[in-house]
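Working notes, structure below.
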Amino acid sequence: MTQALIYALTGAVLFMLGVRATLLRETLLPRLLALNVCGAGVFLIFVSLAYRGDSLPVDPVPHALVLTGLVVAISATALALALNRRLREMADE
Amino acid sequence: MMAMSVWLPVGILLSSLIPGVLIFFQPEERHRLRTWLNLLGALIKLLLVGMLIWGVFHEQVFETRWTMAPGLEFVLHADALSVLFVSLSTLLWLVTTIYAIGYLEQTPHRSRFFGFFSLCVTATVGLALAGNLFTFVVFYELLTLATYPLIAHKGSPEALRGARIYLRYTLFGGLLLMIGAVWLHTLTGGVEFVEGGILQTANLDQSTLRWIFLLLIVGLGVKAALVPLHGWLPQAMVAPAPVSALLHAVAVVKAGAFGIVRVIYDVYGVEFAAELGVLTLLGAVAAITIIYGSLKALSQDHLKKRLAYSTVSQVSYIVLGTAIVGPLATIGGLVHLVHQGVMKITLFFAAGNYAEALGIHRVSEMDGVGRRMPGTTLAFTIGALGMIGIPPVAGFISKWYLGLGAVEAGAAAWVLPVLIASSLLNAAYFLPILYRAWFKSQSAPWPADKTAGCVRELPDALLWPPLTTAAMALLIGLLAAAPYSPLEWAELIAGREYRQ
Amino acid sequence: MNNPLIWPVAVPLLSALLALLWPRRSTWIGLLGSALSLAAVVLVSRQVIESGAIELALGGWSPGLGIALRADGLSVLMLLMSTLVSMAVAVYASVYFSRSERRSEFWVLWLLLITALHALFLSGDLFNLYVTLELLGLSAVVLACLGGSRESLQAALNYLVLGLLASMAFLIGVALIYAGYGTLDMAALAAAIESGPTAWVALSLMTGGLLIKSALFPLHFWLPPAHSNAPAPVSAVLSALVVKAAVYLILRLWLALFDEVVTQTAALVLGLLGGVAVLWGSWVALQAERLKLMAAYSTVAQVGYLFLFLPLLAALPEGTTRDVALGALVLLALTHGFAKSAFFLAAGVIMQRAGHDRIAELGGTARALPVTAFTLALAGVALIGLPPSGSFLAKWQLLSSVFITGQWIWLPVIAVGTLLAGAYTFRLLGYAFAPGEGVGPSLSVGREEIPAVLLALAATLLLGFWASVVWELVPISAYAGGGG
Amino acid sequence: MNLTLLPDLLLAGMLIGLAWAVLNSDDLRRGVVLFIAFGLLLAIVWARLLAPDLALAEAAIGAGLSGALLLVALRDGSGGDQRSAKRSTLNRWLIDLFVLVMTCLIGWVLWLTIYAEPVERLAQLANAMLERSGVSNPVTAVLLNYRAYDTLLELVVVLAAVLGVLVVGRERRGYREPGPVFHGLVHWLVPLLIVTAGYLLWVGAHAPGGAFQAGATLAAAGIVLRLAGYDAAGLPDGRLLRWLLVAGTGVFLLLGLGMTVSGGGFLQYPEAWSGSLILVIEVAATASIAAALVLAYRGGRSDGWLLVDEKDKNREISS
């Protein structure tokens, strides 16, 4: 189970790094990157939970959850980018 | 009969609530319909109250209950005390409605005015019929809401300012009342109004009860205009005359006084309250208010302001009567609830008439007005004499019983001087007005003579209401011993309060 | 067919798809969809009232492996609020957006928002809650953009980014719960969760995320710009419903799932934040120059009131007294939902008529728009907590809990908050009822004025006189944990 | 120290290092490129953790499409000026402290739950029920059968987001005039991607793959087309596009409701049919996801409008 723990802890670190950058950065793009890293951290925790050693079958539930989360994340990213672009266009007009 | 006892209190509320709501939706120009709705509502209410009086006199129980929340019941309950206040409000509402119809002719926003006017009476009647403290608080706040637009009605900066000040005082008072009520409610599990009070046997911490008493009385004292919580009342006189009349005689000020009576008699129980030692303080405040109000009235040239300070002073007679332990003082205080209402409404009607007909707003402009407006001035005179306490007008009865009560309770040493001083002061600020009106001749042209060239001094709708109420003030004084008179009724209540 | 739980979700979703396919009919589809959603919710409510909490195991899989929908008293009340409010707002929006080129997008997203709300209130699975939260957040953001102004887009963008951060915090909490307890089903979790590091950390992360979404002071800063710049119907549902969804989830977590974990201190902290929110929100609302901004800050304050209940609930012993307090909390949330949506709709009517919503220039509103002015007054009564509104009863019970628990510290907060609410409401009414030409004369009572006044009446009369239903429903719980 | 852990430690260290670099790079372009690299590295980690479905999805969505969206955003100048936030030192300090404490707490909990006392989660149950689910890829079983409701709502999330993109966004112009070499590339790349998508979709029932991976691959084909100068990016217009967007959610929902109406529970497939039903849903979902992702990349139409019928638009123009 040590491998799972290594990745889970990495996930925790990624998550908090993302939170930190979201709080510290002010412009949108870096914040979006940060939020995506955050998400990656959470996903990593989920997937490491599913991993039960190379010999046992994995737990498919967290995998499915992460897949869902991944799609939600890109939807939100796309929306945020579109909003941001419109705002810049307005600033230029 | 069962259904009757449940529906009668609700019917009394609805008889002004429904017309009020309907009136809101009437277009401005539907004058006749509005008048009919108003009068129909007032007459139905009068009829229902008549049934109520008869029933309560024969010890029937009228009660409506509706659970609003766990432990919080909306209770309408008619006992002798409620009947006293209900009949006063109903009668004076009818008269004031007629007066207001005449007074507001051709002014804008009448649908709004009469809508709120009816709501205001509904709230007052609700207060009277409230069967527990929770219901009382509900109507107490509703009264604030219904009267605020009436005071602000003219929309002028002064009117808005007066209304704002009124609101500040009453919201604050309502809040304290609510806190006190919730506190007491939490301790007892429900505060029903029961003749003789409920706290005597409840075995609660006495100092807590004192604090709660303070909260309740301060909350109620705002509306009752106890010094130093009276500041809103002189400001609120910017309202149209019918509103002032109703405010001073029935609705707001009386609601406060009535509430104090309720709390002392039917929640704490007067003997228990005396035991707690809170009545002495209340009596002192009442005495100060009586003297202070009279002194302030003395220095006012503005007629409605003088009347307003007179109200400050007079309403505290009720509180004073309540603060003295003993049936006779109780009778004096309770009967003054009615007497002061009838007399004060007369005075405000008259003041409104002076302003309406001749543009007179100040005492100094009243020289010789008696000859020009004899009917109005006659009514004013009766009211003023009553206020001073000259027999046989009703005010005398109140003061007489208060004095007797003080002697009975052994409080004569401080009550009698207060009564005498205040009567002298009353005389000092009312008699000069009467003198100017009747005996001086007109010294300057009327500020704004709108009735020049008319045969009669005023339209019927403006003249008859003050004459009616003045006659009432005279009659209830003369016939004080007759059955169903306010005095008889006050004796009935006192008998029930001191029964055990 | 005899388990109706899916319909409150399926009906608005299906309507949304139809509105997307037939944009020219979108208004009618939107109205019909809202009405049918209402019917679906009524169906569910009746069943809960008659036979207690109900559960639907989706796909026929046992909850845990599959996802369960659950309806109990609390969720039914929230559903009823959201469907009634959204029905009224839909009627208003059918007028508001009738000439907008964004009409069909509005209706699609509107129906998606209702779908999200209903799905959230019915969900019995932690991860599914995350998905509904995201759906709610995204559709709310897009709706808030529909005004198209720069301010509204900027506010929506900030709302989106913070919402994403909040969802992430929620999601990592879900991950920790799954790590510790091996299931996502809330009923199973309610029985399994016990006090320990996993529960503490997970609860604080999830609560932290939800606090952002419920805009509790000091995490409220995103709310006023987002709510005050959105189109009126959108502001109405954002303030009335979307914020409540987060509060609802906090309640679920604290009272049903983590009831053994929650400590008095934690509750006290949230209560204190709530207290500051009440005072700060009301104070800023009093200073506000714009009507919608005032309404938004008033939402900050009102949310604060809801959190005042937490330390009281934590201190009360389980049983009737606690259920009474919990009912009061829910009643306050419901009343605010109805009153605030009415308020925003009325503000929308004024803005469309006058072209602005500067409070100081609202003179003449009462003459030009009497029904709308009346709506503002009624809604104001409910916001202050005066009778006969539901919030009066709720405040009474709140004060009562204060006295029972002896937590005196909340007394001044409630008192000052009430007075401040009175001050900002009557300040507004003072301007609105003053004479003036700020608002053009009205030709007739517009159809758009009616929904607002009905909502305000619901807040003041319906929830005042028939509030006991709330207390009957609240104790019906789908979760073993307790009153939640 | 066990040497077999070394590769894992190395991977984890690289992830953290890359993330740090992404988050602290002052040059945004570099940050985005690093983020794409981060995504690819993550895909390797998924593979390492026996999550091939995720590895595929991460490569296609996490690294590929997110990267494409971010790069386009950079090109628009959406990056903006790169002032770092003007937080006071105390503030930064507090944030760092908070981050450190929370990391430790979360790490502690993970240590307790993963290492100290392993919990039996849903693995066994999910695998045991597999034969009743109609598919043999357990992830697909979870996504489209056990937790199909999640997936339904997730499709709705995609729909809401893409509507948002259309509401606020205007279409951007294609990237550039394609050169002949790129053109040639397009000619074989697009069919290849489409075939791959079809394969992923089909194979999802029993091996890594499925609607999301297929949809993302299909979307990649659209993006390539657009890069090659086909402004529509292979998407139809108007009504057909709307049907395409609705298809996934619509088929899913209607099938689910169909089960309810015919007496089962919502989304409760009859066991014999579940394999085929899942495939039908997946086909529709693939189409919708691909359309949505391409739209997200492309932005709205140049007139800012998707949801008006031609008749409506004409009327509005004439009025």
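The values are calculated or read from the model by the stated rules, or taken from the named source; none is laboratory data. Everything numeric in this text was worked out from a predicted model, so none of it was measured. Note: ideal-geometry Cβ built from the backbone for every residue, glycine included; neighbour counts use all protein chains shown.
Can you tell me which of (1) assigned to a helix (DSSP H, G or I); (2) under 20 Å from C:Ala256 (Cα atoms); (3) modelled with pLDDT under 95 is the one C:Glu194 doesn't meet?
C:Glu194 satisfies all of (1) assigned to a helix (DSSP H, G or I); (2) under 20 Å from C:Ala256 (Cα atoms); (3) modelled with pLDDT under 95 except (1).
Hey, C:Leu286 hits all of (1) in a helix (DSSP H, G or I); (2) out of contact with any strand residue (DSSP E or B) (no Cβ under 9 Å at 6 or more places or on another chain); (3) closer than 27 Å to C:Gly327 by Cα but one; which does it fall short on?
(3)
Within region B:146-170, how many residues turn out to be at the interface with another protein chain (Cβ under 9 Å from one of its Cβ atoms) and acidic (Asp, Glu)?
Initial filter on region B:146-170 (at the interface with another protein chain (Cβ under 9 Å from one of its Cβ atoms)): B:148-149, B:152, B:155-157, B:160, B:163-164, B:167-168.
Next, from what is left, pick out any that are acidic (Asp, Glu): none.
So the count comes out to 0.
Residue-by-condition table, conditions (1) of a type in the set (Ser, Thr, Tyr); (2) under 20 Å from the mean Cα position of the chain (by Cα); (3) part of a loop (DSSP other than H, G, I, E, B):
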{"position": "B:Leu127", "(1), (2), (3)": "no, yes, no"}
{"position": "B:Val137", "(1), (2), (3)": "no, yes, no"}
{"position": "B:Lys154", "(1), (2), (3)": "no, no, yes"}
{"position": "B:Glu158", "(1), (2), (3)": "no, no, no"}
{"position": "B:Gly162", "(1), (2), (3)": "no, yes, no"}
{"position": "B:Tyr166", "(1), (2), (3)": "yes, yes, no"}
{"position": "B:Gln200", "(1), (2), (3)": "no, no, yes"}
{"position": "B:Val227", "(1), (2), (3)": "no, yes, yes"}
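What's the number of the condition C:Ala57 fails, among (1) within 12 Å of another protein chain (Cβ to nearest Cβ); (2) touching a helix residue (DSSP H, G or I) at 6+ places or on another chain (Cβ under 8 Å)?
(2)
One residue is enough: does region A:32-41 have a residue meeting the conditions facing another protein chain (nearest Cβ under 7 Å), among the polar types (S, T, N, Q) and under 12 Å from the mean Cα position of the chain (by Cα)?
Within region A:32-41, the first condition is being facing another protein chain (nearest Cβ under 7 Å), and the residues that meet it are A:33-40.
From what's left, among the polar types (S, T, N, Q): A:36.
Okay, now just the ones that are also under 12 Å from the mean Cα position of the chain (by Cα), so A:36.
Checked against the condition, which is being facing another protein chain (nearest Cβ under 7 Å), among the polar types (S, T, N, Q) and under 12 Å from the mean Cα position of the chain (by Cα), region A:32-41 yields at least one hit.
Given the residues B:Gln314, B:Gln300, B:Gln235, which is the only one that is surrounded by fewer than 24 Cβ atoms within 10 Å (Cβ to Cβ), in contact with a helix residue (DSSP H, G or I) (Cβ under 8 Å, 6 or more places away or on another chain) and at pLDDT 90 or above?
Sole residue among the options that is surrounded by fewer than 24 Cβ atoms within 10 Å (Cβ to Cβ), in contact with a helix residue (DSSP H, G or I) (Cβ under 8 Å, 6 or more places away or on another chain) and at pLDDT 90 or above: B:Gln300.
One line per residue, one yes/no per condition, for (1) more than 14 Å from chain B (Cβ to nearest Cβ); (2) free of Cβ contacts under 8 Å to residues at least 60 places away in the same chain; (3) in a helix (DSSP H, G or I); (4) not hydrophobic (A, V, I, L, M, F, W, C):
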| site | (1), (2), (3), (4) |
| --- | --- |
| C:Arg322 | no, no, yes, yes |
| C:Leu332 | no, no, yes, no |
| C:Thr335 | no, no, yes, yes |
| C:Phe338 | yes, no, yes, no |
| C:Phe344 | yes, no, yes, no |
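In region D:252-274, what residues are in contact with a helix residue (DSSP H, G or I) (Cβ under 8 Å, 6 or more places away or on another chain), within 16 Å of C:Ile67 (Cβ to Cβ) and either assigned to a loop (DSSP other than H, G, I, E, B) or more than 8 Å from every other protein chain (Cβ to nearest Cβ) (or both)?
D:Phe252, D:Gly264, D:Gly265, D:Phe266, D:Leu267, D:Gln268, D:Tyr269
In region C:291-309, which residues are of a type in the set (A, V, I, L, M, F, W, C) and surrounded by 24 or more Cβ atoms within 10 Å (Cβ to Cβ)?
Passing the criteria: C:Leu291, C:Met294, C:Ala295, C:Ala296, C:Val300, C:Ala301, C:Val303, C:Leu306, C:Phe307, C:Leu308, C:Phe309.
Results for (1) facing another protein chain (nearest Cβ under 7 Å); (2) surrounded by fewer than 12 Cβ atoms within 10 Å (Cβ to Cβ); (3) at pLDDT 90 or above, shown as yes or no for each residue.
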position	(1), (2), (3)
D:Ser78	yes, no, no
D:Asp81	no, yes, no
D:Arg87	yes, no, no
D:Asn91	no, no, no
D:Leu97	no, yes, yes
D:Leu100	no, no, yes
D:Gly107	yes, no, yes
D:Trp111	yes, no, yes
D:Glu117	no, yes, no
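Residues checked against (1) within 14 Å of another protein chain (Cβ to nearest Cβ); (2) modelled with pLDDT under 90; (3) assigned to a loop (DSSP other than H, G, I, E, B):
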{"residue": "C:Ser442", "(1), (2), (3)": "yes, yes, yes"}
{"residue": "C:Val445", "(1), (2), (3)": "yes, yes, yes"}
{"residue": "C:Ala452", "(1), (2), (3)": "no, no, no"}
{"residue": "C:Leu457", "(1), (2), (3)": "yes, no, no"}
{"residue": "C:Gly464", "(1), (2), (3)": "yes, no, no"}
{"residue": "C:Val469", "(1), (2), (3)": "yes, no, no"}
{"residue": "C:Glu472", "(1), (2), (3)": "yes, no, no"}
{"residue": "C:Pro475", "(1), (2), (3)": "yes, no, yes"}
{"residue": "C:Gly482", "(1), (2), (3)": "no, yes, yes"}
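Against the condition over 25 Å from C:Ala459 (Cβ atoms), away from chain D (no Cβ under 13 Å) and modelled with pLDDT of 95 or more, how does C:Ile212 come out, does it pass?
Yes.
When you go through D:Leu218, D:Leu267, D:Leu253, D:Leu244 one by one, which is the residue that is crowded, with 21+ Cβ neighbours inside 10 Å, in contact (Cβ under 8 Å) with a residue 24 or more places away in the chain and either touching a Pro at 6+ places or on another chain (Cβ under 6 Å) or under 30 Å from C:Thr27 (Cβ atoms) (or both)?
On the way: D:Leu218 fails: either touching a Pro at 6+ places or on another chain (Cβ under 6 Å) or under 30 Å from C:Thr27 (Cβ atoms) (or both); D:Leu267 fails: either touching a Pro at 6+ places or on another chain (Cβ under 6 Å) or under 30 Å from C:Thr27 (Cβ atoms) (or both); D:Leu244 fails: crowded, with 21+ Cβ neighbours inside 10 Å.
Only one candidate qualifies: D:Leu253.
With the condition kept exactly as written, say whether any residue in region D:1-21 is out of contact with any Ser or Thr (no Cβ under 7 Å at 6 or more places or on another chain), free of Cβ contacts under 8 Å to residues at least 12 places away in the same chain and not in a helix (DSSP H, G or I).
yes
Please specify each residue of region D:124-139 satisfying the condition of being among the small types (Gly, Ala, Ser) and without any contact (Cβ under 8 Å) to a residue 24 or more places away in the chain.
Scanning region D:124-139 gives D:Ala126, D:Ala128.
Within region B:417-455, count every residue that is assigned to a helix (DSSP H, G or I) and among the polar types (S, T, N, Q).
Number satisfying all stated conditions: 3.
All but one of (1) part of a helix (DSSP H, G or I); (2) modelled with pLDDT of 95 or more; (3) within 12 Å of chain D (Cβ to nearest Cβ); (4) surrounded by 22 or more Cβ atoms within 10 Å (Cβ to Cβ) hold for C:Ser75, so report the exception by its number.
C:Ser75 satisfies every listed condition except (3).
Taking the conditions exactly as written (in contact with a helix residue (DSSP H, G or I) (Cβ under 7 Å, 6 or more places away or on another chain), crowded, with 16+ Cβ neighbours inside 10 Å and assigned to a helix (DSSP H, G or I)), does B:Val95 satisfy them or not?
Numbers: in contact with a helix residue (DSSP H, G or I) (Cβ under 7 Å, 6 or more places away or on another chain): yes; crowded, with 16+ Cβ neighbours inside 10 Å: yes; assigned to a helix (DSSP H, G or I): yes.
It is true that B:Val95 is in contact with a helix residue (DSSP H, G or I) (Cβ under 7 Å, 6 or more places away or on another chain), crowded, with 16+ Cβ neighbours inside 10 Å and assigned to a helix (DSSP H, G or I).
Go through region D:222-249 and give me each residue that's farther than 14 Å from D:Leu293 by Cβ and outside any helix (DSSP H, G or I).
Within region D:222-249, D:Ala228, D:Gly229, D:Tyr230, D:Asp231, D:Ala232, D:Pro236, D:Asp237 meet the criteria.
When A:Ala91 is evaluated against the numbered criteria (1) at the interface with chain D (Cβ under 7 Å from one of its Cβ atoms); (2) more than 18 Å from D:Gly64 (Cβ to Cβ), which criterion, by number, is the only one it fails?
(1)
Quick check on my filter: what residues within region C:386-415 are more than 9 Å from chain B (Cβ to nearest Cβ) and not in a helix (DSSP H, G or I)?
Within region C:386-415, C:Ser389, C:Gly406, C:Gln407, C:Trp408, C:Ile409 qualify.
Exactly one of (1) surrounded by fewer than 24 Cβ atoms within 10 Å (Cβ to Cβ); (2) out of contact with any strand residue (DSSP E or B) (no Cβ under 9 Å at 6 or more places or on another chain) is unmet by C:Ala16. Its number?
Status for C:Ala16: all satisfied but (1).
What about B:Leu184, is it at the interface with chain C (Cβ under 7 Å from one of its Cβ atoms) and either out of contact with any Ser or Thr (no Cβ under 7 Å at 6 or more places or on another chain) or assigned to a helix (DSSP H, G or I) (or both)?
It is false that B:Leu184 is at the interface with chain C (Cβ under 7 Å from one of its Cβ atoms) and either out of contact with any Ser or Thr (no Cβ under 7 Å at 6 or more places or on another chain) or assigned to a helix (DSSP H, G or I) (or both).
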